[in-house]
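Data block below; observations after.
The values are calculated or read from the model by the stated rules, or taken from the named source; none is laboratory data. Just so you know, these numbers come straight off a predicted model, no measurement behind them. All Cβ positions, glycine included, derive from the backbone under ideal geometry; neighbour counts span all protein chains shown.
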Amino acid sequence: MAELNNNHKVIPVILSNLSANDRQRLMAAINNTWQSHWGWLRYPCPKDFEHEMSEKKHHWLIVKNHDGAFIGGAFCVTHDPMYPDKVYFGTLWTSPHANKAGLGSRLIAYIEEQAKKLGKNGVHIVVNPKLKPLISFYERRGYVLMEKSRQFPGFMRMEKTWDSPEEGHLHRPDKKAISSDQLIVS
């Protein structure tokens with residue numbers, strides 16, 4: 001368990017450690033956040049949530065406040081065969097009550113720190129190109145739009161890389177990067 005600040009702790013979660021009630025609360029918290037931000041549910045079907053929670057390659061990070069309420073989180077894939085030198089993270093979320101408090105940025109920094117400790121040279125994510133505010137959020141944190149996602153048609157891959165895990169110097173790949181102005185959203 002790591003601390004993001006005095007009131008928030010990052011908890012690596014194993015599905016078997018969560019009660020059925022906690023899994024329902026977590027799914028509801030994620031869905032409420034996605035509904036609030038983007039207008040749709042991340043997990044419209046509990047089976048989808050249970051499947052993603054049980055994926056052995058997914059490492060869930062959950063943030064709770066001092067009252068024990070779920071207020072943020074993400075999952076990470078540390079061994080991605082398509083991008084073995086990077087950590088993938090997805091379903092990053094912070095509750096509407098935690099917005100503007102920097103929780104999302106601190107959670108991303110935590111994931112990047114863990115990637116460096118694993119000897120990776122970067123992290124990557126997949127975003128919906130229609131969500132321009134989300135793309136801008138990641139660009140302000142040093143992420144670069146790279147290419148269409150091979151795994152998720154209609155989505156774009158973004159990444160942030162550094163020269164070496166030890167130094168953590170930011171590296172911006174020029175050869176594949178595209179600007180958000182080049183996105184065509186239908």
- Does region 52-60 contain at least one residue that is at pLDDT 85 or above and under 15 Å from the mean Cα position of the chain (by Cα)? no
- Message: Tell me whether region 58-71 contains one or more residues that are surrounded by 19 or more Cβ atoms within 10 Å (Cβ to Cβ), assigned to a helix (DSSP H, G or I) and not charged (D, E, K, R).
- Response: no
- State whether one or more residues within region 120-127 are outside any strand (DSSP E or B) and at pLDDT 90 or above. yes
- Restricting to region 132-152, what's the tally of residues that are in a loop (DSSP other than H, G, I, E, B) and either modelled with pLDDT of 90 or more or over 20 Å from GLY39 (Cβ atoms) (or both)? 7
- Query: Among the candidates PRO84, PRO44, which residue alone is assigned to a loop (DSSP other than H, G, I, E, B) and at pLDDT 90 or above?
  - Reply: PRO84
- Residue selected from region 153-186 under the condition outside any loop (DSSP other than H, G, I, E, B) and modelled with pLDDT under 80, by the criterion surrounded by the fewest Cβ atoms within 10 Å (Cβ to Cβ): ASP181
- Task: Looking only at region 94-111, decide whether some residue is in a strand (DSSP E or B) and surrounded by fewer than 14 Cβ atoms within 10 Å (Cβ to Cβ).
- Result: no
- Note on THR161: of the conditions (1) touching a residue at least 60 places away in the same chain (Cβ under 8 Å); (2) β-branched (Val, Ile, Thr); (3) within 25 Å of HIS51 (Cβ to Cβ), unmet is (3)
